[in-house]
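What follows is a set of notes on a single structure, which appears directly below.
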Amino acid sequence: MIGFSLVEFSVRRPRLVVGLAATLTILFLLPFRKISTDTNPKNMLPPTSDVRLSNDEVEKTFGLYEDMIVVGIQNDAGILNEATLGRIQRITEETLTIEGVAARDVSSFTTIDNVTIREGTLTIEPLMPQTPTEVAQIESLREQLFENPLFLGRIISRDARTAAIYVPLEKGANGKAVADRIREIVAKENGPERYYIAGDPVARDTFGAVMFKLMAIFSPIAGLIMFVVMFVMFRNLALPMVMMGAAMISIIWSMGLVIALGFPIHIMSSMSPVFLMAIATDSIHIFNELYFRLREGKDRRVAVLETMQAVSRPVRYTALATAAGFAALMLMSIVPVRVFGGLIAFGTIALRLLSFSFIPAVLMLLDEGRLLGTSTGEDSERGPVARWLRALGGIGAYHPAATVIVAVVLAAGSILGTTRIVVNNNMVKWFKEGSEVRTADAVMNRALGGTSLGYVVAISGSPEEELIKNPAAMRYIEGLQRDLEKLPLVGKTTSVVDYVKRINRVLHGDDPAYDVVPDSKDQIGQYLFLFSMSAKPADLDNVVDSAFQKANIWVQLKSWDAEAMREVIRQMEEYQRSHHAAMTLKPAGIAYFNLVWNDEVLWDMLRGFLLALVVVFGILAINFRSFKWAIVGYTPLLLTVLFIYGAVGLMRKDFDMPISVLSCLSLGMAVDFSIHFINRLRQRVAEGPEPLPEALLWTAARPGRGIIRNALLFALAFSVMIFAPLTPYVTVGAFIASMMMLSALFSIILLPALIVLLRRRLFSSQEGY
């Protein structure tokens, strides 16, 4: 047995083994000098993905920016007063100087173009070149704002209490850094106004920055709690130090390997320390059994060897099952998903290598008298913990039918809950209610058109030159806009049609009757030519291409939920089917990217999880050398997964990235307890004749003690994440605590029930059951 030979070597040469582990750890630390991070969800998809290529093409064609920050200014008394307008002007001027801001295309009262008529000539100039100081000037500004649909709902709210500044970012700019600089600017303004900073880059880059800070805070806190809880359990400082040492070594090895291979630390891989610390707790079964052996009077060397002999098989196969579950992610199409799966799989194998080498070696270096002294409290027959565990095991052993019926009822309810799961990823919702990011997004979405931006590109399918100038094409686009605006989450749409209608109205004495698309293609062409001669190039470039074969409709959404853009696409496709035109419609923009990212990444994770379920069942069958035992061992895993995901559905919580990542951990940890329980039970049965219920109670009390310790240890450590400011960390804390305790209880209660009911199929005639 290779694993046990390694144990014997480590017991004989403990200092050499510890020295080798330390040397390897130092080598894996060297690549950390080259660590890089990537918090952009866009990079979850490869640069060659269809959505990234199409979005890049649309941005290039229409001169668009990948990222946009929305700055909101709100005054309950109204923003159309000299003081507030003066602040808007100063804030805009300073924002233009921020590094990373595409200053030429910032949209504000002082920079946005206004189409008017002056002395019979079409004039295009900034809406508010200077802050108005007289009542008549302010009233003129109010009139211009509320008569122009290009402004209403975009830079000013209908109740005139909220204004917006749209700040596009240069490629590669950090949204959080720009947002922080804007916060410094608005903080200098004294007045009754409230300021809000929203947009995808703010949420994304703020989340990335806070995420890494939280990992630096919560990982040590979780480690400290684990250390304290282990000390309380084993009354020995050395054992928690051994486990935490193994965990830290595996984390360094894994992260060092990823960095050395040139991969950045992404949102998913940044959570790997949490996962590896969870997996490292499996070594508690070694300490649990060692204490029993020491209490039985064995000297340390014999106790260590017998302990490793007893737990080697379950430890090996729990590692294999966990590693295989994560390794299945390496078959997925998303690169960061593959990196994450490989990282955890490697770390898990490293942990098990340390379990058979580093841990036995360190155990041989510890003070033997101290170990013997603290092991006297372990008893699988008496004591409150032993009695409690035997009582739990007795529920299933003595009431098997009732236990299984309860499990079936739970499974049925859970299946009902899973049918209500919604796959959705909304990064704004990753911040708690009341947080600055989430509040800003909610306020801006209520007051204006929306902070989430999607595009619908109308593409000519006709050889006709400059088709977009055709009145029929213009009316087709206008009809689509009105159709999209019927959707509850669409706050505003803007297109080249709005500019043409505005010019037509202005040139006809501002008569509302002329707020329509002209009947002549030549007239439309003249209007657009006049506009292009005076306006900023981006005004026209953003909505129509130079050949007038493509038009871009801006769609502002009041939610970052994937379903919002999905509804836009459904409405777009329905409109295209019911209105025949020589044009095709295609979605684009950050809202569309988030939809594709949501579907491809989350469904990729779900496919990986389902594949892992199959792989883990195969490993169980190999471990137990029996499909029947594999099915029994698999049942607590399935019930745990069903119960948790049923609760997710019943609580109407989105199946998002954190939950999809935790799926893999739930699979690995839930099956570990079954492997330990069944392997140790079969060992007990093989040692001699004993009534099955008594063998089950022994298993529940002795290895079951390790199972409960493992579950309780990690549940307590990571429940601290419930207090984090980011909801994914709250999810991680609640999910892991629930998963660990449920899977442990199902293993100790349900497994005895299934084994008793199926004993004639599971045991041979020689075993007498």
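Of all the residues that make up the stretch 65-90, how many are closer than 30 Å to LEU141 by Cβ and at pLDDT below 90? I'd like the intermediate steps shown before the answer.
Residues of the stretch 65-90 that are closer than 30 Å to LEU141 by Cβ, as a first pass: 65, 67-90.
In the following step, the residues that additionally are at pLDDT below 90 were identified as 65, 67.
Result for the stretch 65-90: 2.
Under 8 Å between Cβ atoms, at least 6 apart or on separate chains: pull out the pairs that start in the stretch 16-30 with a residue that is farther than 16 Å from ALA260 by Cβ and end on any residue that is open to solvent by 50 Å² or more (accessible area, probe 1.4 Å) and modelled with pLDDT under 95.
VAL17/PHE9; VAL18/LEU365
Restricting attention to the stretch 486-510, report how many residues are of a type in the set (Asp, Glu) and at pLDDT 90 or above.
First, pick out the residues of the stretch 486-510 that are of a type in the set (Asp, Glu): 498, 510.
Next, from what is left, pick out any that are at pLDDT 90 or above: 498.
Matching residues across the stretch 486-510 total 1.
Which residue pairs have Cβ atoms under 9 Å apart, sit 6 or more places apart or on different chains, and have a first residue in the stretch 208-232 that is over 16 Å from MET277 (Cα atoms) and open to solvent by less than 50 Å² (accessible area, probe 1.4 Å) and a second that is among the hydroxyl-bearing types (Ser, Thr, Tyr) and not in a helix (DSSP H, G or I)?
These pairs meet every condition: GLY208/THR37; GLY208/THR39; ALA209/THR39; MET211/THR39.
Restricting to the stretch 253-277, count the residues that are β-branched (Val, Ile, Thr) and closer than 19 Å to ILE659 by Cβ.
First, the residues of the stretch 253-277 that are β-branched (Val, Ile, Thr): 258-259, 265, 267, 274.
From what is left, the residues that are closer than 19 Å to ILE659 by Cβ are 267, 274.
Final tally of qualifying residues: 2.
When you go through (1) crowded, with 20+ Cβ neighbours inside 10 Å; (2) without any contact (Cβ under 8 Å) to a residue 12 or more places away in the chain one by one for ASP180, which number turns out not to apply?
Just one mismatch for ASP180, condition (1).
Within the stretch 37-47, is even one residue assigned to a helix (DSSP H, G or I), open to solvent by 80 Å² or more (accessible area, probe 1.4 Å) and not acidic (Asp, Glu)?
The answer is no; no qualifying residue exists.
What are the residues in the stretch 717-769 that are of a type in the set (Phe, Trp, Tyr) and open to solvent by 10 Å² or more (accessible area, probe 1.4 Å), if any?
Matches in the stretch 717-769: PHE723, PHE735, PHE746, PHE763, TYR769.
Please specify each residue of the stretch 524-548 satisfying the condition of being β-branched (Val, Ile, Thr) and not in a helix (DSSP H, G or I). Please lay out each step first, then the result.
Of the residues in the stretch 524-548, the ones β-branched (Val, Ile, Thr) are 524, 543-544.
Correct list: VAL543, VAL544.
Filter the stretch 677-692 down to the residues that are assigned to a helix (DSSP H, G or I) and either open to solvent by less than 40 Å² (accessible area, probe 1.4 Å) or among the charged types (D, E, K, R) (or both) and list them by number. Show your work before the answer.
Start the filter on the stretch 677-692 by keeping residues that are assigned to a helix (DSSP H, G or I), which leaves 677-687, 692.
Scanning the stretch 677-692 gives PHE677, ILE678, ASN679, ARG680, LEU681, ARG682, ARG684, VAL685, GLU687, LEU692.
Hey, among the residues in the stretch 356-405 that are of a type in the set (Lys, Arg) and at pLDDT below 90, which one's least open to solvent (accessible area, probe 1.4 Å)?
Going through the stretch 356-405, the residues of a type in the set (Lys, Arg) turn out to be 370, 382, 387, 390.
Now narrow it down to the ones that are at pLDDT below 90: 370, 382, 387.
Details: ARG370: 123, ARG382: 148, ARG387: 143 Å².
Ranking the candidates gives ARG370 first.
A quick yes/no check of all residues on (1) surrounded by 22 or more Cβ atoms within 10 Å (Cβ to Cβ); (2) touching a helix residue (DSSP H, G or I) at 6+ places or on another chain (Cβ under 7 Å); (3) in contact (Cβ under 8 Å) with a residue 40 or more places away in the chain:
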{"position": "VAL456", "(1), (2), (3)": "yes, yes, yes"}
{"position": "SER460", "(1), (2), (3)": "yes, yes, yes"}
{"position": "PRO471", "(1), (2), (3)": "no, yes, yes"}
{"position": "ARG475", "(1), (2), (3)": "no, no, yes"}
{"position": "GLY479", "(1), (2), (3)": "no, no, yes"}
{"position": "LYS486", "(1), (2), (3)": "no, no, yes"}
{"position": "ILE503", "(1), (2), (3)": "yes, yes, yes"}
{"position": "LEU507", "(1), (2), (3)": "no, no, yes"}
{"position": "PRO518", "(1), (2), (3)": "no, yes, yes"}
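For the stretch 106-123, indicate whether the set of residues that are within 22 Å of GLU193 (Cα to Cα), among the aromatic types (Phe, Trp, Tyr), assigned to a loop (DSSP other than H, G, I, E, B) and in contact with a strand residue (DSSP E or B) (Cβ under 9 Å, 6 or more places away or on another chain) is non-empty.
Looking only at the stretch 106-123, we keep the residues that are within 22 Å of GLU193 (Cα to Cα), and these are 106-112.
Filter again for among the aromatic types (Phe, Trp, Tyr), leaving 109.
Applying the additional criterion that residues be assigned to a loop (DSSP other than H, G, I, E, B) yields 109.
Checking the rest, the ones that are also in contact with a strand residue (DSSP E or B) (Cβ under 9 Å, 6 or more places away or on another chain) come to 109.
Checked the stretch 106-123: at least one residue is within 22 Å of GLU193 (Cα to Cα), among the aromatic types (Phe, Trp, Tyr), assigned to a loop (DSSP other than H, G, I, E, B) and in contact with a strand residue (DSSP E or B) (Cβ under 9 Å, 6 or more places away or on another chain).
The values are calculated or read from the model by the stated rules, or taken from the named source; none is laboratory data. Note that the coordinates shown come from a computational prediction; the quantities given were computed from them, not determined experimentally. Don't worry about glycine lacking a Cβ; one is built from the backbone with ideal geometry, like all the others, and counts go over all protein chains shown. To get the accessible areas, we keep the full protein, side chains included, count just its heavy atoms, and leave off ligands, DNA and RNA. Shrake-Rupley method; radii C 1.70, N 1.55, O 1.52, S 1.80 Å.
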